[in-house]
1. Hey, which of the strands (runs of 3 or more DSSP E) in segment 160-227, taking only ones fully inside, have at least 1 residues that are closer than 30 Å to Leu258 by Cα?
2. Which residues, counting only those in segment 45-65, are under 18 Å from Val81 (Cα atoms) and surrounded by 15 or more Cβ atoms within 10 Å (Cβ to Cβ)?
3. Taking Thr76 as the residue in question, decide whether it is of a type in the set (S, T, N, Q), closer than 19 Å to Trp107 by Cα and free of Cβ contacts under 8 Å to residues at least 60 places away in the same chain.
4. Which residues, counting only those in segment 338-353, are in contact (Cβ under 8 Å) with a residue 12 or more places away in the chain, open to solvent by 10 Å² or more (accessible area, probe 1.4 Å) and in contact with a Lys or Arg (Cβ under 6 Å, 6 or more places away or on another chain)?
5. Would you pick out the residues in segment 1-16 that are closer than 23 Å to Lys110 by Cα, touching a residue at least 40 places away in the same chain (Cβ under 8 Å) and open to solvent by 60 Å² or more (accessible area, probe 1.4 Å)?
6. If we scan segment 266-283, do we find a residue that is under 25 Å from Lys12 (Cβ atoms) and surrounded by 22 or more Cβ atoms within 10 Å (Cβ to Cβ)?
7. Of everything in segment 22-56, what is touching a residue at least 24 places away in the same chain (Cβ under 8 Å) and of a type in the set (Phe, Trp, Tyr)? Give them in sequence order.
8. Can you say whether Trp107 is under 27 Å from Asn191 (Cα atoms) and either open to solvent by 50 Å² or more (accessible area, probe 1.4 Å) or basic (Lys, Arg) (or both), as far as the supplied structure shows?
Amino acid sequence: MKIGMLLDNDFKSDPRVLNEAVTLVQAGHEVHILCFSYGKLPVYEVKKGIHIHRTRIPKVVKDGLFILINWLPLYTLLWFVIGGLAIRRYGLGAIHAHDLYMAKSGWYLKRWFSVKFVLDLHENFPAAILAYKWIRKFPHRLFVNAGCWEKNEHELLQYPDFIITLSSSYTKYLTTKYPHLSGTKFVDYPNVPDVSTLQAFDTGLKFEDLPQGFWLFYFGVVSERRGLITVLESMVNQLGEYADIKLLIVGPIDKAELDRFTFYLNHPSLKGRVVHFEWKDVSELPMLINSSSVCISPIEKNPQHDSGIANKVFQYMLFAKPIIVSNCTPQEDLVVATECGLVFKSGNQKDFSEKVILMYQNAALRVSMGTNGRKAVLETYNLANFGKRIQSLYAD
């Protein structure tokens, strides 16, 4: 089958989209990713057998159209045109739209061209948009009605033939919330890694620029909602007397919270104990994980984060590192089931610190949990296994 994926961004290395497209190509399908280009990447290229088509658009225009999506549906219509042209030109038989706000475009394409429509939910978007601080700023707050996504979700979820979610717990949440939705429409697909790709990067090397110490490692966007304030405050307070316990952070700081994080990164008590890099290539991720003692996913517990597990958690596990996670339901369930780490109560500095100290004082526990995590990913939580679920949607 020829499948068109709608992705409302510039496709570079989104691991979820890439992995899904790769597994469909491996099953013999022809995959076309329809996305944007903000001027740097080519309008067409083939990557790992995937056809990538980019529509050039200034990012400020794209952002403006998105902000107005519930007032003036030009953004929805733009994607209908992009998708319709691709269906005509390449003979697509299915549309695979990424995220809730692309559902109406996918539905229009389904009705107009009689194609299969799959909706891929990357997160609990109605909850996520309420947490974004940029929508509270002027002039965004004048146009973005965050609450309308909660109101419209019920309608939007009736459009697709199949819905992909991040976890079984999120599927349960949606089917409980909307009992009329058939359970057979849902497919759970967590952000599992492509093991072969990541292991190809692993040289066994460690990051030489890091001084000696017991390093906690976090990889991803730096913001309060990701739990980093809890971690930094615990480093200042409860963990302050443990000079050997240090923190490596890799990821961009949320612009709306730059001042707050700059304060902590320059805090006198954390001098020499916190290292932050704005960006590192994914090929360096194994080296950074190898250099750490424990990896963390301290995200705040809320409806958005209860929808799934971040891909970094599985990546930590693959490279045999014990993990400390907050009690967001999917990642807590994973850690308890696989015995690959410890769980702390979200936002609780004392509980987080106690879990860090327990790991710090027990090398055997770290080795055992790291081994369990790696085994779980190699045997179960990987693209080769879960990719079959994505392939099944297009089996006919």
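The values are calculated or read from the model by the stated rules, or taken from the named source; none is laboratory data. Since this is a predicted model, take the numbers as computed values, not measurements. Heads up, the Cβs are rebuilt from the backbone with ideal geometry, glycines too, and the neighbour counts pull from every protein chain shown. Protein only, heavy atoms only, side chains kept; ligands, DNA and RNA dropped before computing areas. Shrake-Rupley method; radii C 1.70, N 1.55, O 1.52, S 1.80 Å.
1. 214-219
2. Scanning segment 45-65 gives Ile52, His53, Arg54, Thr55, Ile57, Lys62, Leu65.
3. Yes; evaluated as a whole, the condition is true for this residue.
4. Correct list: Leu342, Ser346.
5. Met1, Lys2, listed by residue number.
6. Checked against the condition, which is being under 25 Å from Lys12 (Cβ atoms) and surrounded by 22 or more Cβ atoms within 10 Å (Cβ to Cβ), segment 266-283 yields no hits at all.
7. Phe36, Tyr38, listed by residue number.
8. The answer is yes for Trp107.
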